[in-house]
1. Restricting the search to the range A:43-57, which residues are within 7 Å of chain B (Cβ to nearest Cβ) and of a type in the set (F, W, Y)?
2. Could you list, ordered by first residue, the pairs with Cβ atoms under 7 Å in which the first is in the range B:88-107 and more than 9 Å from chain A (Cβ to nearest Cβ) and the second is among the charged types (D, E, K, R) and surrounded by fewer than 20 Cβ atoms within 10 Å (Cβ to Cβ), at least 6 apart or interchain?
3. Can you pull out the residues in the range C:54-72 that are crowded, with 18+ Cβ neighbours inside 10 Å and among the β-branched types (V, I, T)?
4. Being surrounded by 19 or more Cβ atoms within 10 Å (Cβ to Cβ) and over 16 Å from C:T213 (Cβ atoms) is the filter here, so list the residues in the range C:92-110 that pass it.
5. What pairs come out if I take residues in the range A:50-77 that are surrounded by 10 or more Cβ atoms within 10 Å (Cβ to Cβ) and part of a helix (DSSP H, G or I) and pair them with residues that are of a type in the set (D, E, K, R) and at pLDDT 90 or above whose C-beta lies under 7 Å away, six or more apart or interchain?
6. Tell me, which residue of the range C:26-50 that is among the small types (G, A, S) and modelled with pLDDT of 80 or more is farthest from C:L109 (Cα to Cα)?
7. Go through the range C:116-135 and give me each residue that's without any contact (Cβ under 8 Å) to a residue 40 or more places away in the chain and surrounded by 15 or more Cβ atoms within 10 Å (Cβ to Cβ).
8. Suppose we filter C:D81, C:D44 for residues that are surrounded by fewer than 19 Cβ atoms within 10 Å (Cβ to Cβ) and assigned to a loop (DSSP other than H, G, I, E, B); which single one remains?
Amino acid sequence: MTVHFLMPLAALLQAPDDAIRDEIGRLQRNFQGLIWGFVAAWVILMAYTLMIVFRERKIRREMERLKNMVEDSGKKS
Amino acid sequence: MRQKVMIGMLALAAILLVRNLYVISVLPDEVNQGQIFRIIFFHVPAAVAAMTGSAVALIASVLFLVKKDFFYDSLAVAVTEVGLAFLAVNLVTGSIWARVIWGVWWAWDPRLTSALVCWVLYAGYLILRQALEEPTQRATFAAVYSIFAFTDVPIVYFSIRWWRTLHPQPVFFNKNGSFPADWSAALRLNLIALFLFYAVLTMIRLRQEQAQREIDYLRRTVHAM
Amino acid sequence: MRFLRQAMVITAKDLRAEMRTKEAINASIAFAIVILLILSFAFDPSEETTREISGGLLWIVFTFAGTLVLNRSFARELPNDCLDGLLAAPVPGSAIFLGKALSNFLLILAVEAVALPVFGIFYNVRWTRQFWPLMLVQALGTWGLTAIGTVFSALTVNIRLREVMLPLLVYPLMIPMLLGAMLLTAQLVMGQPIAGDSVVWLRLLFGFDIIFTALALVLMETVLRG
């Protein structure tokens, strides 16, 4: 990725100072946006996966509890 | 057996996604938009997966109404809920993309707006389910709503597209510049990876829904004793 | 024809009940006027701007006021087990749908018939330039609202938070219809006829109505059976 990042920068070596600063700023924002985008996508997917994992644990605990209750009342009667 | 299938799919999805991260970083830039265009590798597959999910939800809803088998109801919930997560990915990446390219967090672009309406529709589906307690009624009404929602989706898409193209506002529509040719393969692989991930999450959620129904049944039995 | 007669019986019953107490229609008209009043504080526009926003404004008013009528439609059947009586009738669900939908349609049209002149007065807008096309758009849009609203009124009748659930479920479904109706209404109030590009919205309204009426007729039985 660094190679492709440097190429437009190399082309700017011949441009006036202001234009270079603007272009560098634009490239940085562009790149930052990409990173944030990827982060957001992964965060959302992971968050949902975690929600599912927690629900799974809750369900297992509930099942255990109920099975114990069924066995207990089975033993009593 | 099913456990192994799921783990296999999950591993495959993970491998594909990681490999793609590498591939994505090495691909040449897109001319007009620069680096940010790479976001399309998540943005588009997430939307496609979510739309496929909603089609599955429709079929599951119809099958439930016809066959009264609760498996289809569980499938509908699972697919819709996972679809919400994937649509959220689509919306958030789309918003970030819009911010970088157009300078605004939200532009009333036809595809993004349709995605937002779909998100709201399917969130409504989940809210309806929460409001109904009796399982058969919940499944039936949710299925009816799902059928209405799915019928609405294409109409929403076309109407918003007409709105945006026939009544141009001072906003922008051409999000896609040229699509570089060698990106297609990577895009397709990411699509497959996300589809696999979607399928795995759906299967787990489906099983949870069926387990929840068993819990409710056990609870009723225990209280009856 | 028996089907239509059965539907008409239900329509007549609903309208008669409503005309005797006038509870839903009074509340709905009052609500429409209040919203028009409040929205008039929100804007202080020139006449040209008012005409441009007229479409959106009017349809917000119609949708909110219409929801009152729709909610009432099946809620009125709850006391004294009237709903069970209706379900026990040897009438197909689709006839019940058509009957209820027609009565709701007429009631909401009545509310709109009051709201439109009030709008013209409060906002100082002459809306009668394209009167008959405007009436057509009103009818099509209101039927879309009614068709979906009636099915969901039956669906939500026994849910807790019924008054919130009905709008929550129905409004997103109606977005395409609202889009078309708002755009056409704004255009007609501004005095431009429906031509060229706008015809597509008219077609959208027709298509929307047909598709969702068909869906409602098919699914109403399922909803009533619960």
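1. Within the range A:43-57, A:Y48 is the sole residue that qualifies.
2. What qualifies is B:W105/B:R99.
3. C:V61, C:T63, C:T67, C:V69
4. Correct list: C:L107 only.
5. A:I52/B:R205
6. C:A42
7. Those that are without any contact (Cβ under 8 Å) to a residue 40 or more places away in the chain and surrounded by 15 or more Cβ atoms within 10 Å (Cβ to Cβ): C:G120, C:M135.
8. Of the residues listed, the single one that is surrounded by fewer than 19 Cβ atoms within 10 Å (Cβ to Cβ) and assigned to a loop (DSSP other than H, G, I, E, B) is C:D44.
The values are calculated or read from the model by the stated rules, or taken from the named source; none is laboratory data. Keep in mind that this is a model prediction, so the values were computed, not measured. Neighbour counts are summed over all protein chains in view; Cβ atoms, including those assigned to glycine, are modelled from backbone coordinates with ideal geometry.
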